[in-house]
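These notes are about the structure you will find just below.
The values are calculated or read from the model by the stated rules, or taken from the named source; none is laboratory data. These figures come from a predicted structure and were not determined experimentally. FYI the Cβ positions are ideal-geometry reconstructions off the backbone, even for glycines, and counts take in every protein chain you see.
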Amino acid sequence: MGIAYFDCFSGASGDMILGSLIDAGLSPRRLREELKKLQIPTIHLKVKKVLKKGISATQVIVEGRNEKRSHRNLKEILKIVERSSVETEVKEKSKEIFKRIASVEGKIHRTPMEEVHFHELGGLDSIVDIVGSVWGIRQLGIEKIYVSKVNVGAGFVKCEHGILPIPAPATLSLMDGKPIYSSGIERELLTPTGAAILSTLGSEFGPMPPTHVERIGYGAGRDNLPHPNLLRLIIGTSESTSGKEKVMVIETNIDDMNPQFYDYLIEKLLAMEVLEVFITPILMKKNRPGHLFTVICPSEKLPSVTRFLLRETTTLGLRWHEEERAKADREILNIQTRYGKIRFKLARWEGKIVNLSPEYEDCKRLALEKGVPLKEIFEEAKRAVIPLQGNKRQISHRRLE
């Protein structure tokens, strides 16, 4: 699997992300051709090689030739992206990033999300940075993105809303649950656009995973700083196609809470996209019956899960530890049976199918709709996949039904 690691020792911005992608092999010519699909004639992309503290890097500058608009709101930005002819997946992911920026800006400044303004070059540079980065990542075959802890800078920054502390409020909100730090450099190192791209596209934040390095790219920031003002991009492949990852295991013992609350807690935690939640009956001191409440989640979700459990349960404390887990590659198939379509969860380990099981909720729904015993639905599901077991080509074909 193609993976990438953004090493943010000097923060990140939209143009630094684009620069790192070009430095790692993305064609500037093809990028310009793709950006023409946005139908923005005033925009020009300037790409040049620079040295930052003796390290060669690529700097990207977005120029607005004869651009007269000082700002555009979210609705106008989304309209430009929507009417473009870029790939659908690039379009949708780009719109998601813009909506995240507008959402946090709107909450901070008490402005409706749709009325949030994008100012640099009338917001057009943000379109170039975001759409170009999403497209470039796909072009380089990157399937999963890892991000280091991010140096955000320090001090204050002057913007449209006045003098704001660094990291800017929007940047800080976009990095909620992600590891950040400041090296003390009084400069805005992480911009809202950089934060939005990395926090939306990044799967995990923290140390670099085991990687077979294939390409390295450096994207240059505009300022000259005491350290190399660069964003380093490392592209390669993971050790195996079957995922190995580090997870946090969070536990607490509870013996004084209404057991009916557990259903609510589990539902809320799963909505927070934790990996697993489970409860184990235990005997506590003085032989009091209690429950061991366990949550497994990515490391970057530790702060948000900790806050949730301390706020929503009766526990007075938590404990956690890091573990490594291996997981099979998974995908969902839609397979037609004589009772209707059923989703199947397919699992592969080292490229081979190791499990293919029907989704319980689909089987339950069909049993109720058809008035057929649930066990008969399950048996029919098993019969439907017998011809497909082990045959990847047939499975790929059936997925389209």
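List of remarks:
- Of all residues in region 148-164, those that are assigned by TED's automatic domain parsing to the domain that holds residue 188 and in a strand (DSSP E or B) have Cβ atoms under 9 Å from Cβ atoms of residues that are polar (S, T, N, Q) and at pLDDT 85 or above, 6 or more apart or on another chain, in 151/10; 151/182; 151/183; 153/10; 153/182; 153/183.
- Selection from region 238-290 of residues that are of a type in the set (Gly, Ala, Ser), modelled with pLDDT of 90 or more and touching an Asp or Glu at 6+ places or on another chain (Cβ under 8 Å): 290
- Some residue of region 69-85 being within 30 Å of residue 228 (Cα to Cα) and either assigned to a loop (DSSP other than H, G, I, E, B) or within 26 Å of the chain's Cα centre (by Cα) (or both): no
- Taking region 24-42 as the range and being surrounded by 14 or more Cβ atoms within 10 Å (Cβ to Cβ), at pLDDT below 95 and part of a loop (DSSP other than H, G, I, E, B) as the test, the residues that pass are 40, 42.
- Looking across 244, 285, 268, one residue alone is out of contact with any helix residue (DSSP H, G or I) (no Cβ under 6 Å at 6 or more places or on another chain), over 30 Å from residue 186 (Cβ atoms) and without any contact (Cβ under 8 Å) to a residue 12 or more places away in the chain. It is 285.
- Residues of region 269-313 classified as in a helix (DSSP H, G or I) and either closer than 24 Å to residue 246 by Cβ or not basic (Lys, Arg) (or both), total: 17
- The set of residues in region 274-306 that are under 21 Å from the mean Cα position of the chain (by Cα) and of a type outside the set (A, V, I, L, M) comprises 276, 297, 298, 299, 300, 301, 303, 304, 306.
- For residue 104, the conditions (1) part of a helix (DSSP H, G or I); (2) over 29 Å from residue 184 (Cβ atoms); (3) not acidic (Asp, Glu) are fulfilled apart from (2).
- Positions within region 78-102 being touching a helix residue (DSSP H, G or I) at 6+ places or on another chain (Cβ under 8 Å) and of a type in the set (Asp, Glu), in sequence order: 82, 87, 89, 96
- None of 331, 300 is touching a Lys or Arg at 6+ places or on another chain (Cβ under 9 Å), of a type in the set (Asp, Glu) and either closer than 28 Å to residue 173 by Cα or surrounded by 14 or more Cβ atoms within 10 Å (Cβ to Cβ) (or both) except 300.
- Among (1) touching a Pro at 6+ places or on another chain (Cβ under 8 Å); (2) in the same structural domain as residue 257 (by TED's automatic domain parsing); (3) without any contact (Cβ under 8 Å) to a residue 40 or more places away in the chain, the one test that residue 300 misses: (3)
- A search for C-beta distances below 7 Å between a residue of region 115-126 that is assigned by TED's automatic domain parsing to the domain that holds residue 45 and any residue that is part of a helix (DSSP H, G or I) and at pLDDT below 75, counting only pairs 6+ apart in sequence or on different chains, returns 126/120.
- Residues (modelled with pLDDT under 95, over 24 Å from residue 118 (Cα atoms) and small (Gly, Ala, Ser)) located in region 132-179: 141, 177
- Count of residues meeting criterion [closer than 23 Å to residue 330 by Cα, surrounded by fewer than 16 Cβ atoms within 10 Å (Cβ to Cβ) and among the hydrophobic types (A, V, I, L, M, F, W, C)] in region 245-288: 4
- From the list 21, 45, the one residue that fits, being at pLDDT below 95 and outside any loop (DSSP other than H, G, I, E, B), is 45.
- Residue within region 91-107 that is on the phi > 0 side of the Ramachandran plot and out of contact with any Asp or Glu (no Cβ under 6 Å at 6 or more places or on another chain) present: no
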